[in-house]
């Protein structure tokens, strides 16, 4: 474990970082929910960072209008990016001690920010909330299941834990798990908080694929058991069956590459 300089746990202000891409149908609702949660908490939003993948709709205008209405400072970067590049850019631009990564289609509940902040103990590097559809699980079962595959849909990060992170350019999916591993490998805790609840429209941009399997195997981002379970779920659902099989093959190829490189 790396020796850490223990930091205070108080979360007074945050920078909110949202990767966007043709998000006009969902973004305003997400920002309205964010504002409601800020209003119900002692956490102030210092700056809203929009990392936009050259949207061709009204995404940027919607973000600007919401920021003006809610009194947020806003900084917009429009360039061709994937999620990994967007999150890396956001980290390099943010200046608050804490960053909230928020997906463009996530609607947090009013108590969300308060509950995230309450879980930010001195050794905590990241706090992840729970999707509303998973709240029927027993809390410990959810944590056990979720710990196999983390997410940054609506996750609070201590900025110093990801300062200087260099996500490999080829990681176009599973960048959230790469971030979690980076935080933990540097000695910080990643907390799963079942009291912070959000709803996720799930725009379905990343179905199973050979690429996802390959990256999971090469960078140790998903275990083979998890990939296998994910692929078998496609058979049960009747969707993306071929893609699921390709994901298994990709994982094996990625693991072989990892072992050869090491």
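Just one of the listed residues (45, 51) is at pLDDT 95 or above and under 29 Å from residue 221 (Cβ atoms), and it is 51. Of the residues that make up the stretch 154-167, is at least one closer than 23 Å to residue 36 by Cα, modelled with pLDDT under 95, in contact with a strand residue (DSSP E or B) (Cβ under 7 Å, 6 or more places away or on another chain) and not assigned by TED's automatic domain parsing to the domain that holds residue 228? No, there is no match, as no residue in the stretch 154-167 is closer than 23 Å to residue 36 by Cα, modelled with pLDDT under 95, in contact with a strand residue (DSSP E or B) (Cβ under 7 Å, 6 or more places away or on another chain) and not assigned by TED's automatic domain parsing to the domain that holds residue 228.
So, residue 173, is that one at pLDDT 95 or above, assigned by TED's automatic domain parsing to the domain that holds residue 22 and crowded, with 17+ Cβ neighbours inside 10 Å or not? Talk me through it step by step, then tell me what you get.
On the way: at pLDDT 95 or above: no; assigned by TED's automatic domain parsing to the domain that holds residue 22: yes; crowded, with 17+ Cβ neighbours inside 10 Å: yes.
No, not satisfied.
Would you say residue 94 is surrounded by 23 or more Cβ atoms within 10 Å (Cβ to Cβ) and more than 13 Å from the chain's Cα centre (by Cα)? Criteria met by residue 94.
Among residues of the stretch 178-212 being crowded, with 21+ Cβ neighbours inside 10 Å and at pLDDT below 95, the one that is nearest to residue 238 (Cα to Cα) is 208. Looking at the stretch 121-150, which of its residues are part of a strand (DSSP E or B) and closer than 23 Å to residue 173 by Cα? Listed by number, the residues that qualify are 125, 126, 127, 128, 129, 130, 131.
Scanning the stretch 220-242 turns up at least one residue that is under 23 Å from residue 103 (Cα atoms), at pLDDT 90 or above, surrounded by 15 or more Cβ atoms within 10 Å (Cβ to Cβ) and outside the structural domain of residue 148 (by TED's automatic domain parsing).
Checking the conditions here, which among 71, 151 is without any contact (Cβ under 8 Å) to a residue 60 or more places away in the chain, in contact with a strand residue (DSSP E or B) (Cβ under 7 Å, 6 or more places away or on another chain) and in the same structural domain as residue 20 (by TED's automatic domain parsing)? Talk me through it step by step, then tell me what you get.
On the way: 71 fails: in contact with a strand residue (DSSP E or B) (Cβ under 7 Å, 6 or more places away or on another chain).
Residue meeting the stated conditions: 151.
A search for C-beta distances below 7 Å between a residue of the stretch 216-235 that is without any contact (Cβ under 8 Å) to a residue 12 or more places away in the chain and any residue that is assigned to a helix (DSSP H, G or I), counting only pairs 6+ apart in sequence or on different chains, returns 235/241; 235/244.
Evaluate the following for residue 114: is it crowded, with 17+ Cβ neighbours inside 10 Å and in contact with a strand residue (DSSP E or B) (Cβ under 9 Å, 6 or more places away or on another chain)? Walk me through how you get there before you give the answer.
Details: crowded, with 17+ Cβ neighbours inside 10 Å: yes; in contact with a strand residue (DSSP E or B) (Cβ under 9 Å, 6 or more places away or on another chain): yes.
Yes.
What's the total number of residues in the stretch 246-262 that are crowded, with 17+ Cβ neighbours inside 10 Å and without any contact (Cβ under 8 Å) to a residue 40 or more places away in the chain? Can you show your working first?
Start the filter on the stretch 246-262 by keeping residues that are crowded, with 17+ Cβ neighbours inside 10 Å, which leaves 246-248, 250-251, 254-255.
Applying the additional criterion that residues be without any contact (Cβ under 8 Å) to a residue 40 or more places away in the chain yields 246-248, 251, 255.
Matching residues across the stretch 246-262 total 5.
Just give me the residues in the stretch 8-25 being more than 28 Å from residue 160 (Cα to Cα) and surrounded by fewer than 20 Cβ atoms within 10 Å (Cβ to Cβ), in sequence order. Don't jump to the end; show me each part of the working.
Of the stretch 8-25, the ones more than 28 Å from residue 160 (Cα to Cα) are 22-25.
Answer for the stretch 8-25, where residues must be more than 28 Å from residue 160 (Cα to Cα) and surrounded by fewer than 20 Cβ atoms within 10 Å (Cβ to Cβ): 22, 24, 25.
The values are calculated or read from the model by the stated rules, or taken from the named source; none is laboratory data. Keep in mind the model is a prediction, meaning the values are calculated, not measured. When we count neighbours, we look across all protein chains shown, and the Cβ atoms used for this are built from the backbone with ideal geometry, even at glycine.
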